[in-house]
Amino acid sequence: MKWRLLPMVQERGAMNMAMDEAVAEAVGRGAAPPTIRFYTWSPAAVTIGCFQSAEREVDVEACVRLGVDIVRRRTGGGAVYHDPEGEVTYSLIAPEHLYGNDIPSSYREVCGHIIDALHILGIEAEFRPVNDVVVRGKKISGSAQTRRGGVLLQHGTLLLSLDAPVMFSLLRPSRVKLSDRDPLDVLTSVSAWSDSRREEVLEALRESFLSSRSWVESPLTPEEMERARELAARYDDHEWTFER
Amino acid sequence: MGPGVREAERKVPGGKLVQMSIGDDGAVRLTGDFFLHPEEALAGLESFLSSLNGKDHAATAAAIETYAERSGMMMIGVRPVDLAELLAEVRK
């Protein structure tokens, strides 16, 4: 089976999430091959998990003041600050049967590509269930997965550099969640462990996700792009974002 | 949080966070960074939790587990026992 690598794009948050969903729909109806994409966000965005309360997790006023989008994902998990320069996001979208029914195991398998990419860069990382990759106990990558219509969609971020003051001015990590940790001590980034430039990180990611696969690089089909534009309207919808 | 809403929060083993609230109308609402597959199962789970009095932790956890199995849902990062304990707290 030949996989598709989408060209790297930098998009706004609603469109990034809409593209993931449009591809998942296309994969589900057999109109697109299993797909991997790497992308960044512009403007900066905060995404929240589909079960989270936007107002509880995000300083909405700070986001408005700094021009940061707020987008509710279709996947569970936590709030993420997507800094255009400070991270790379990946999505892997494939027929569910390729990964089996064991969801925790499939998290481990897909996150293994992040661990492999970090290894290429000389950074030893490990999987921390359910959905994190850590370096010496600090989170460097988080992922979230949904399975709908027979399709597995897992997306996640790899932190390249960490602007903690900005991040924690936008997010409101629960006091309960951080009860036993210093908020600035739970995260790390590639820049803390390696001098690798962004392009080297991307190359390592491409290698780790694709080296064992037959693949071709090609863009979204016109149908997928049109559908993504339609779906973006939902991700832009204030009611969707603040529904919980 | 509106008037009359009671809520409780719990960090479960593995680090996921679950918040439960219950309003004057008795409707239970769950938020947090947990995972639930399929995601659409949340509304049914909230309705089921709304129907439980939550007094007996063990019985409540067992009922939630049975409900999850029958519904074909998978909870990741939150366990029936966590929901049972949260329910007891918000129903105090």
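The values are calculated or read from the model by the stated rules, or taken from the named source; none is laboratory data. None of the values given here were measured: they were computed from a predicted structure. Methodologically, a virtual Cβ is constructed for each residue, glycine included, from the backbone with ideal geometry; neighbour enumeration extends over all protein chains shown. The protein model used for the area step is the full one, side chains on, heavy atoms only, and it has no ligands, DNA or RNA in it. Shrake-Rupley method; radii C 1.70, N 1.55, O 1.52, S 1.80 Å.
Roughly speaking, what is the centre-to-centre gap between segment A:182-244 and segment A:12-34 when only Cα atoms are used, to the nearest Å?
Here the two parts' Cα centres lie 12 Å apart.
Can you tally the net charge around A:Thr40? Count Lys and Arg as +1, Asp and Glu as -1, for every other residue whose Cβ sits under 10 Å from the Cβ of A:Thr40. Don't skip to the end; give the middle numbers.
Working: positive: A:Arg198; negative: A:Glu11, A:Asp83, A:Glu85, A:Glu87.
Taking every other residue near A:Thr40 into account, the sum is -3.
Let me have the 222 nm mean residue ellipticity of the protein assembly as shown computed from DSSP H runs of 4+ only, each contributing -39500 (n - 2.57), with the sum over all residues rounded to the nearest 500.
On the way: 11 runs with 119 residues, N = 336.
Here the helix-only value at 222 nm equals -10500 deg cm²/dmol.
Quantify, in whole percent, the carbon and sulfur part of the accessible surface of segment A:91-244 (1.4 Å probe; protein heavy atoms only).
Details: 3800 of 7630 Å².
In segment A:91-244, the share of accessible area belonging to carbon and sulfur is 50 percent.
Heavy atoms only, probe 1.4 angstrom, no DNA, RNA or ligands counted: give me A:Asp237, B:Asp25, B:Asp82 ranked by accessible area, highest first. Mind dumping the intermediate values first?
On the way: A:Asp237 70, B:Asp25 130, B:Asp82 0 Å².
My answer, sorted largest first, is B:Asp25, A:Asp237, B:Asp82.
Would you calculate the separation in nanometres between label points at B:Glu46 and A:Glu226, each defined as 7 Å from the Cα along the Cα-to-beta-carbon direction?
Label at B:Glu46, label at A:Glu226, 3.5 nm between them.
I'd like the distance between the alpha-carbon centres of segment A:110-178 and segment B:1-71, rounded to an integer number of Å.
26
Taking the Cα-to-Cβ direction at A:Val216 and at B:Arg6 and moving 7 Å from each Cα, how far apart do the two end points lie in nm?
Here the modelled spin labels are 6.2 nm apart.
Once you list every other residue whose beta carbon is under 12 Å from the beta carbon of A:Tyr90, what net charge do they have if Lys and Arg are +1 and Asp and Glu are -1? Walk me through the numbers before you get to the answer.
On the way: positive: A:Arg37, A:Arg206; negative: A:Asp20, A:Glu87.
Taking every Cβ under 12 Å from that of A:Tyr90, the sum is 0.
Per residue, how much accessible area does segment B:6-90 show when a 1.4 Å probe rolls over the protein heavy atoms, in square angstrom?
Values: 3600 Å² over 85 residues.
Heavy-atom SASA per residue in segment B:6-90 reads 42 Å².
Roughly how many Å² of A:Val130 are accessible to a 1.4 Å probe, to the nearest 10?
It works out to around 30 Å².
Name the residues of segment A:75-119 whose accessible area, probed at 1.4 Å, falls by at least 50 Å² once all protein chains are in place instead of their chain on its own?
Correct list: A:Ile103.
Quick one: order B:Ser71, A:Ser208, B:Ser51 from most to least accessible surface, probe 1.4 Å.
These residues rank, largest area first, as B:Ser51, B:Ser71, A:Ser208.
Using a 1.4 Å probe on protein heavy atoms, which residues of segment B:53-92 have at least 20 Å² less accessible area in the complex than alone?
Relative to the lone chain, where solvent access is computed with a 1.4 Å probe, segment B:53-92 loses at least 20 Å² at B:Met74, B:Ile76.
Sort A:Trp3, A:Trp215 by heavy-atom solvent-accessible area, probe 1.4 angstrom, most to least.
Numbers: A:Trp3 15, A:Trp215 105 Å².
The most accessible residue leads, giving A:Trp215, A:Trp3.
If one takes the accessible area of chain A alone plus chain B alone and subtracts that of the pair, with a 1.4 Å probe, what total in Å², rounded to the nearest 100, results?
Numbers: alone 11480 and 5320 Å², together 14670 Å².
Counting both chains, the buried surface is close to 2100 Å².
If we count every other residue with Cβ under 12 angstrom of A:Val135's Cβ, Lys/Arg +1 and Asp/Glu -1, where does the sum land? It would help to have the intermediate numbers written out before the result.
Details: positive: A:Arg128, A:Arg136, A:Lys138, A:Lys139; negative: A:Glu124, A:Glu126, A:Asp132.
Net charge around A:Val135: +1.
Heavy atoms of the protein only, probe of 1.4 Å, neighbouring chains included. What is the accessible area of A:Lys138 in Å², nearest 10?
60
What accessible area per residue, rounded to a whole number of Å², is obtained for chain A using a probe radius of 1.4 Å?
For chain A, the solvent-accessible area averages 43 Å² per residue.
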